[in-house]
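The values are calculated or read from the model by the stated rules, or taken from the named source; none is laboratory data. Because the structure is a prediction, the values reported are computed rather than measured. Ideal geometry is used to build each Cβ from the backbone, glycine not excepted, and the neighbour counts take in all protein chains shown. Each accessible area value is taken on the protein alone, full model and side chains, heavy atoms only, with ligands, DNA and RNA left out. Shrake-Rupley method; radii C 1.70, N 1.55, O 1.52, S 1.80 Å.
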Amino acid sequence: QVQVVESGGGLVQPGGSLTLSCAPSGGIFRFYAMGWYRQAPGKQRELVATITSGGSTNYADSVKGRFTISRDNTKRTVYLQMNSLKPEDTAVYYCNSLNQSMNWGQGTQVTVSS
């Protein structure tokens, strides 16, 4: 089964930027529609950005205009560029296919705080 590894999180001040990466192992990556999810303390996991195999993207209203999802099929990697970060973006960020068929990874912690 496909395993994912997320990286790139950290501590950033409000208004700052981070770029997350996700590298699934196994499977035919270019065929997967992928998504970035996040889970804040005490809240359910939510889908924040998606990208189809063809490169079409969609975003949750809460991140629209600030986050950008992209993919590099040659590197088998999905990225999430996060700009103008807010404290409410603090969460553990995960990636998975849109049908959540991959094993969930450990996620990467993003903390937005001054």
Once phi for every residue in region 81-87 is put through the Karplus expression 6.51 cos²θ - 1.76 cosθ + 1.60 (θ = phi - 60°), the whole-Hz ³J(HN,Hα) values, with Gly and Pro written as x, are 8, 10, 10, 6, 5, 10, x
dims of the chain, Cα set, principal axes, largest to smallest, nearest Å -> 41, 25, 22
Probe 1.4 Å, all chains present, heavy atoms only: LYS64 accessible area in Å², nearest 10, is 110
In nm, the gap between the two label points placed 7 Å beyond Cα toward Cβ at THR74 and SER53 is 2.1
Any aspartates and glutamates whose Cα falls less than 16 Å from that of LYS64, other than same-chain ones fewer than 8 residues away, would be GLU46, GLU88, ASP89
The extension gain from GLN81 to GLN3, computed as 0.36 nm times the residue separation minus the Cα-Cα distance, is 25.9 nm
Sorted by chain and then number, the residues having a modelled amide H within less than 5 Å of the amide H of VAL63, at least 5 places away or on another chain, are none
Counting sequence-distant residues (5 or more places) and residues on other chains, those with an amide H built under 5 Å from that of ARG71 are TYR79
Mean accessible area per residue over the chain (1.4 angstrom probe, all protein chains present, square angstrom) is 52
Taking alpha-carbon centroids only, region 3-19 lies from region 64-111 a number of Å equal to 9
